[in-house]
Amino acid sequence: MLLLGAICAALAGCSSGNGQSETQQMYQNPVYEPVLADPSILKAEDGYYYAYGTEDAWGDDSETKLVPIVRSKDLTEWEYIGEAFKEKPDWKGSGSIWAPDTHHFRDSYYLYYSLSVWGDSNPGIGVAVSDTPEGPFEDKGKLFTSEEIGVDNSIDPFFYQEDDQAYLVWGSFHGIYGVELADDGLSVQGEPFEIAGTDYEAPYMVKRDSQYYFFGSKGSCCEGENSSYHVAVGRSDSFTGPYVDQEGKLLTENGGTTILDADTESKFAGPGHNAIITDEAGKDWMVYHAIEKEDPLLWSGASRRPLMIDPINWEDGWPVVRDGRPSEERQEAPVIE
């Protein structure tokens, strides 16, 4: 029995007679390498978790992957399964596919994406649809460009559904805005409304009890080990706002309570562009990217941003991520049956 116990401890868990694990499974960041930047995540009807990332090139392949997709049963062991697109959308003359946000909607999988280049004067947001989470996704074209919607640097889409109304939330350092979507999710309707200020990009929103929570990233995402990305949060009684931080400062005035950052002692830099997923025990997990300081770049010179996860605790109505920095040690994994 002692030998069996030692083996179980080394393997981080043995099954009991009732099928339950006698010890909690463990994991350590990062959970997927070499890169899955700007991740979005969902649990599909097939029981797998799927995560989608910004267009990137890695390994010996000089061709970028048009929205890489990885898949997992437990949120900690991930496998690369392919690209969301067979061909790059052609409604814009040039650009890369950034920051995909994927959701199950209207019995299909909808992928909202940015199409942009660095310093783009008129980036835009498009949408693609698939019957399955692994794609391929059929491009349905643009929702809008920055000039058409009247918001500079219109990238980083996030889809949200409130009752029967779907919304798109987006923005990058020129204000975070929301707008209603048409019933089919393929066009916008009405006028944009402001949610957060010019310090933010990469919006993500959840509702917990009667409160709405806005998560956004501040700082520089992509300067290797010098990246200053971090995540701040505010909350509101209404989806449309106003959102305030723990000190009561409006997010439209660039308030925000920082809940995830890195310091000089951290192994990682630039944690941010988060999504949130809930495990089967009801525990919320922040899914995000960060940069390993000792291996910060891809062969192309782009920042190498692997996939990370950390648990969220809720204290006095506010989310808390451990000690406020990316975890480095082995710790308890999400609970998955």
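Could I get the Rg over Rh figure for the range 160-315? Both from C-alpha atoms, Rh via Kirkwood, rounded to two places.
Value, to two decimals: 0.99.
Modelled label-to-label distance, GLU337 and THR198, 7 Å Cα→beta-carbon offset: nm?
Result for the modelled spin labels: 5.1 nm.
Please work out the Cα center distance from the range 53-70 to the range 275-337, rounded to the nearest Å.
One Cα centre to the other: 21 Å.
Using the Cα centre as the reference, give the magnitude of the dipole from point charges on the C-beta atoms of the chain (Lys, Arg: +1; Asp, Glu: -1; all else neutral), rounded to the nearest 20 debye.
Roughly 280 debye, rounded to the nearest 20.
For the chain, what does -39500 (n - 2.57) per DSSP helix run (n ≥ 4), summed and divided by total residues, give at 222 nm, in deg cm²/dmol to the nearest 500?
Helices in the chain give a 222 nm mean residue ellipticity of -1000 deg cm²/dmol.
Under a point spin-label approximation (7 Å from Cα along Cα-to-Cβ), what is the SER94-GLU294 distance to one decimal in nm?
According to this spin-label approximation, the distance is 3.8 nm.
What is the gain in length, in nm to one decimal, between HIS104 and GLU77 on full extension, counting 0.36 nm per residue of separation less the C-alpha to C-alpha distance?
Difference between extended and current length: 7.5 nm.
State, to one decimal in nm, how far the label point of ASN254 lies from the label point of ARG322, with both points 7 Å from Cα in the Cβ direction.
So the label points at ASN254 and ARG322 sit 3.0 nm apart.
With only Lys, Arg, Asp and Glu charged, each at its Cβ (+1 for the first two, -1 for the last two), find how big the charge dipole of the range 209-268 is about the Cα centre; round to the nearest 20 debye.
That gives the range 209-268 a dipole magnitude of about 140 debye.
Lys/Arg Cβ at +1, Asp/Glu Cβ at -1, dipole of the chain taken about the Cα centre: which of TYR160, GLY272, GLY255 is farthest positive-ward?
In the chain, that residue is GLY272.
Hey, what's the chain come to in accessible area per residue, 1.4 Å probe, Å²?
Ligands and nucleic acids excluded, the figure is 44 Å² per residue.
Quick one: 3J(HN,Hα) in Hz for the range 42-55, Karplus 6.51/-1.76/1.60 with θ = phi - 60°, rounded, Gly and Pro as x.
With the stated coefficients, the range 42-55 comes to 8, 9, 8, 5, 7, x, 8, 8, 10, 10, 10, x, 4, 3 Hz.
Could you please tell me the mean projected area of the C-alpha convex hull for the chain, averaged over all directions and given in square nanometres to one decimal?
18.4
Per-residue counts of other Cβ atoms within 10 Å, averaged by peptide: what ranking do you get for 259-271, 166-178, highest first?
So the peptides 259-271, 166-178, ranked by packing, come out 166-178, 259-271.
Which parts of the range 83-104 would a label at ASP61 reach, counting a residue when its backbone N lies under 14 Å from a point 7 Å out along Cα-to-Cβ?
83-88
The values are calculated or read from the model by the stated rules, or taken from the named source; none is laboratory data. These figures come from a predicted structure and were not determined experimentally. Backbone-built Cβ (ideal geometry, glycine too); neighbour counts: all protein chains shown. Protein only, heavy atoms only, side chains kept; ligands, DNA and RNA dropped before computing areas. Shrake-Rupley method; radii C 1.70, N 1.55, O 1.52, S 1.80 Å.
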